[in-house]
Amino acid sequence: MLKPSADLIIDPKQSRYSLVVGVAKRARQIVEEAEKAGEILVEKPVDLAVHDFMEGKYRLIEQPVENDDEPSDSEPYDEPAACSDHTAEEETDSSEEQP
């Protein structure tokens, strides 16, 4: 079994987490393709997926993610909705006036 280092597959600025997710997605694709074709896989799908990344058939493309916990400068902070001055008693009075 080949156990390549993640450093051989990804760039230094890419995360190992992205590699794990990418390999898992590719392994699922391999299984689906084999099921559709009626093939029996001799090698494990994860091993095949790692080889695909090592050979350059697939590569990771990471999108920058903003922190969702803090509001950004471009998005205004949403104020909580203010309570209405309209009371339940006023609703009852207005419904009684209608014929």
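A short reminder: the numbers here are calculations on the coordinates, not readings from a lab. Just so you know, these numbers come straight off a predicted model, no measurement behind them. Ideal geometry is used to build each Cβ from the backbone, glycine not excepted, and the neighbour counts take in all protein chains shown.
Okay, here's what the table says:
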item	result
Note, ³J(HN,Hα) from phi for segment 13-28, Karplus 6.51, -1.76, 1.60, rounded to Hz, x at Gly and Pro	8, 8, 8, 5, 4, 4, 5, 4, 5, x, 5, 5, 5, 5, 5, 5
Karplus 3J(HN,Hα) series, Hz, for segment 52-65 with 6.51 cos²θ - 1.76 cosθ + 1.60 (x for Gly, Pro)	4, 5, 5, 7, x, 5, 10, 9, 8, 10, 9, 9, x, 10
Normalised convex hull volume, segment 12-58, alpha-carbon set, Å³ per residue	67
Rounded to whole Hz, the Karplus (6.51, -1.76, 1.60) HN-Hα couplings of segment 29-34, x for glycine and proline	4, 4, 5, 4, 5, 5
Mean Cβ count within 10 Å, highest first, over the residues of peptides 41-49, 6-14, 19-27	19-27, 41-49, 6-14
